[in-house]
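Only one structure is covered here, and it is reproduced in the block below.
The values are calculated or read from the model by the stated rules, or taken from the named source; none is laboratory data. Small disclaimer: the values here were computed from a predicted structure and weren't measured. In this analysis, Cβ positions are derived from the backbone assuming ideal geometry, glycine residues included, and neighbour counts consider all displayed protein chains. Side chains are part of the model used for accessible areas, which takes the heavy atoms of the whole protein and leaves out ligands, DNA and RNA. Shrake-Rupley method; radii C 1.70, N 1.55, O 1.52, S 1.80 Å.
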Amino acid sequence: MINAWLRWSRENELAYLFFRNPVAIVAAIIAILCIGGAVLSPWLAATDPYDIASLDIMDSLIPPAWSESGDARFFIGTDDQGRDLLSAILYGTRLSLLVGFLAITFASVLGVTVGLMAGYFGGRFDAIMMRIADIQLSLPAILTALLVDGIAKGLLPRGQHDNLMIVVLTVAIGLSLWVNFARTVRATTFVERNKEYVQSCEIMGMHPFRIMFTHILPNIMGPILVILTVDLAVAVLLEATLSFLGVGVPANQPSLGTLIRIGTEYMFSGEWWIVIFPSAMLILMIISINVLGDFLRDALNPRMR
Amino acid sequence: MTQLLAISNLSVKFPTRFGVFDALEGVSLDVNAGEIHGLVGESGAGKSTVGSAVMGLLQSPGYVASGEIRFTGRNLVGLDSDDYHRLRGDRISMIFQDPQTSLNPLLTIATQMIETIRQHRKVDVHTARQQAINLLKETGLNDVDTRIDDYPHQFSGGMRQRVVIALALCTEPDLIIADEPTTALDVSVQKQILDLIRTLCTARNIGIILITHDIGVINEITDRVTVLRAGRVVESGTTEAVLGSPAEPYTKALMAAVPRLDKRLERFKNIIDDEPTELDDTHWKVEGASAGYATDWLLTNNERAHTSDALPSVSERPAILSIQDLEVTFGASGLGWFNRSHGVKALSGVSLQVMPGEVLGIVGESGSGKSTLAKAIVGLVNPSAGRMTFRDSELPPGRQRTRAHPSRREIQMVFQDPYSSLNNRKTVEHIISEPIQFYGLTDNESQTRKLVASVLELVGMPQRAMVKYPHQFSGGQRQRVAVARALVARPEFLICDEPTSALDVSIQAQILNLLKDLQQTFGLSILFISHNLAVIRQMADRVVVLQNGQLVETAGTESFFNSPQESYSQLLLRETPSLTF
């Protein structure tokens, strides 16, 4: 088993570099724990924090189990609603990651498509798309998200709005992140486009979209992979920020950002655990994903070695 | 003669995670003052490693494992970096391959030269400037007094290389290492630079190590030569002795692989084998696949297939491709809504014809429009004027050619760089079967698979190659795959754009042999583009010379090489370094 691993890592450049980089290994373990915990939260968590009926207001604001007035049932305490904080964090992480993944998928599909087309066709299409990207870049991500949220609020009936909040968040975050993909993909497509394997496809008379997606795309996966990881962290952070500002998910389904927002209200009244634990979770997750992204960027870029 | 440099038993090792790679093993050579010592070998032979080892610039993690490098009696191995720094540039200089990148584009020539001179000599700016001017004059630059304040991009490639040489001479070194100093230059400039190096060597009594892959260059100017292969010295001695009567089979094979300018050979003989194929590669077969199957398949439904007995009638047939007054302009009113420019004419008024079954050679220096011509024919470039006729029907230019146009299958192309012409993320099977499937040439997948295996065998590759990826092959093998890809489309007309200029001579000989064989078997019409006149002589039936986008001369190969009519053709032929023994 170990031999097989070693053999694989010797043949695979990426695996080889990974197993020689302790920081990347630690980051990967933390990221896997965070993501695994979030995905498995319905089975791991002691209580379901979304089930309002199970909440008891008498349990609210209980400090962590190891402090004097702690309760063994709630290992890291409860929030103001009487929710078990650990369960809430696991569920919240799940929600944050769900929005993050959805948003990043939306952003990458949009950005990669636009980038490929701009890089491949060039000319006027490229000029127009890149000016749109410039406009998008000049709007802060939060502003875009607030804008989308505002429009959604105006268009959707009140009851619908809460249900569709995840979709609204996804679109908002996706819209503010697609530019990264589009610009990088465009630049790398420019390089690939002039390579002779692309020319040989053109000479054959292959459809441009087939050239873009079956020939160029696999060759530019490296940089895309890097942005995917780095921007996943950004998306999770954006979701947390928006929820913190109260634009995000409804309060009865707290995400990490919602939990942190609730926590800040109690920060100076002694109930420190409500803000510290969700924040620690968020920071750990973001840092580990970012470190992985950095590792990928260096490993996939031969000049950095 | 005083001995300047003596390398004895030098071994350089590069530790990698796959084990220690011996870049050099027991290399010994010496250089005297006033002598040019040539280092020749194929890529990976360790030529440049010798240069870096002498300069103390071995790339990490490489190191000198054993041996001595004695420079005027002093051992350079193990010298500390400060001492080396003083030696480098001061007493040992280097001339690099590409004058585009070895000069700083943001500084004027004067700044760069004065800085170098003052780094090593305590002189004031004016003296340094005067020295720089003298040096540039010595290297044959014109109008030095005014041009010294120009930037590198304002010089042509040859002029820039003269500046680089002047820069190397700044500190009056005893030894110069010239690493492929003329490889990036056109033949007509190459000759001048080589002459300059020779003159400087004699006049200043400098020892020069000239590193090159081109035996023609070695023959032209070196006094002594060392042939390297895989980090070991194969043969060493005076140039006359080594090239005149090579003792080692490798040297003989290397020389046999060099295309000759003085006569046409039917095939390259006695060439070096590519790396041996692994044993399990030869046993792996697709059922029913063989080179014969590929030949039969390529010849069926193929009315043009003719053997050599049909060749005499070539002149009576109508041309397969004829081009009239083709003009290609780049950059004319392209993107801008505001600034409409007239652009640069890459080709103007080019007319030529390719007969069926003929190899037409296109020759010219860089910028002469050779590749633009190829791109115009395949429709990658939009001509601004002119007509193209292919097989009696008009060939729509550029964008107007529909994707389903039959010529897209009938005209195929083999590119220069086999490292970029194959998609690295696809298997060889995928790469070769793509045209088959795209043009719908087979009935089912098993036939396609059989055909891919067969074609691979036809171009001299093991069938097992089809399950591998391009990066697992050498440049020559990749080029074979590229030829196979062009072949399976059953083309009538093949364009080869510098198909061997990215390859070593021995590999070049193999690919040229392959193309000759295929041309004879399938009676292909080929447009063969090359900057190398000797390659053209070996391949082409007729020759077209291009200069600055204009057609200079069209002639039959034999008459062109024996009595070129135009002065430019004569110049090209005269300046090409050759092996004539």
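About the centre of its Cα atoms, segment B:99-170 shows a dipole size close to 200 debye [charges on the beta carbon of Lys, Arg (+1) and Asp, Glu (-1) only; nearest 20 debye]. Below 13 angstrom from the Cβ of residue A:145, what's the summed charge of the other residues (Lys, Arg +1; Asp, Glu -1)? Once positives and negatives cancel, what remains is -1. Over all other residues within a Cβ to Cβ distance under 12 Å of residue B:378, the charged ones net out to 0, with Lys and Arg as +1 and Asp and Glu as -1. Relative to the longest principal axis of the Cα atoms of chain A, helix A:221-244 runs at roughly 30 degrees.
Mean per-residue shielding of peptide A:203-210 is 6, counting Cβ atoms of other chains within 10 Å of each Cβ.
Extending 7 Å from Cα along the Cβ direction at residue A:66 and again at residue A:51 yields two label points whose distance is 3.0 nm. Other protein chain C-beta atoms within 10 Å of residue C-beta, averaged over B:417-424: 5.
Per residue, the accessible area of the protein assembly as shown comes to 45 Å², computed with a 1.4 Å probe over protein heavy atoms only.
Ranked by the mean number of other Cβ atoms within 10 Å of their residues, highest first, the peptides A:79-87, A:30-38 come out as A:79-87, A:30-38. Ranked by the mean number of other Cβ atoms within 10 Å of their residues, highest first, the peptides B:371-379, B:156-164, B:244-252 fall in the order B:371-379, B:156-164, B:244-252. In percent, rounded to a whole number, the relative contact order of segment A:186-305 is 23, using alpha-carbon pairs under 8 Å and six or more apart.
Between B:438, B:462, B:511, the Cα set farthest toward the positive side of the dipole of segment B:412-542 (charges on each charged residue's Cβ, about the Cα centre) is that of B:462. Translational diffusion of segment A:23-284 was estimated from the Stokes-Einstein equation, with Rh taken as the Kirkwood radius over Cα pairs; at 20 °C and 1.002 mPa s the coefficient is 105 µm²/s. Under a cut-off of 17 Å between alpha-carbon atoms, report the lysines in cross-link reach of residue B:47, not counting same-chain residues fewer than 8 places apart. Straight-line reach from residue B:47, under 17 Å: B:13.
Shown for segment A:140-235: the carbon plus sulfur share of the solvent-accessible area, taken with all protein chains present and a 1.4 angstrom probe, equals 69%. Within the shell of other residues whose beta carbon sits under 14 angstrom from the beta carbon of residue B:572, the net charge comes to -1, with Lys and Arg scored +1 and Asp and Glu -1. Ordered by solvent-accessible area of protein heavy atoms (1.4 Å probe), largest first, the residues A:121, B:493 come out as A:121, B:493.
Remark: accessible area buried at the A-B interface is about 2400 Å², both chains counted, probe radius 1.4 Å. Residues of segment B:402-416 that bury at least 50 Å² of accessible area once all protein chains are present, compared with their chain alone (1.4 Å probe, heavy atoms only, ligands and nucleic acids left out), are B:403, B:408, B:415.
For the protein assembly as shown, adding -39500 (n - 2.57) for each run of n ≥ 4 DSSP H residues and dividing by the number of residues yields -14500 deg cm²/dmol at 222 nm. Considering only alpha-carbon pairs that sit under 8 angstrom and 6 or more positions apart, the relative contact order computed for chain B is 16 percent.
Of the peptides B:444-451, B:194-201, the ranking by mean beta-carbon count within 10 Å, highest at the top, reads B:194-201, B:444-451. Counting Cβ atoms of other protein chains within 10 Å of each Cβ in B:425-436 and taking the mean gives 2. Length gained on full extension, residue A:58 to residue A:267, computed as 0.36 nm times the residue gap minus the Cα-Cα distance: 73.2 nm. List the lysines whose Cα sits under 26 Å from the Cα of residue B:450, skipping any in the same chain fewer than 8 residues away. By straight Cα distance, residue B:450 reaches B:285, B:426, B:468, B:516. Ordering A:146, A:209, A:52 by the projection of their Cα atoms onto the charge dipole of chain A, which places +1 on the Cβ of Lys and Arg and -1 on the Cβ of Asp and Glu, puts A:209 at the extreme positive end. As a fraction of the 1.4 Å probe accessible area of segment B:84-200, surface on carbon and sulfur atoms comes out at 49 percent.
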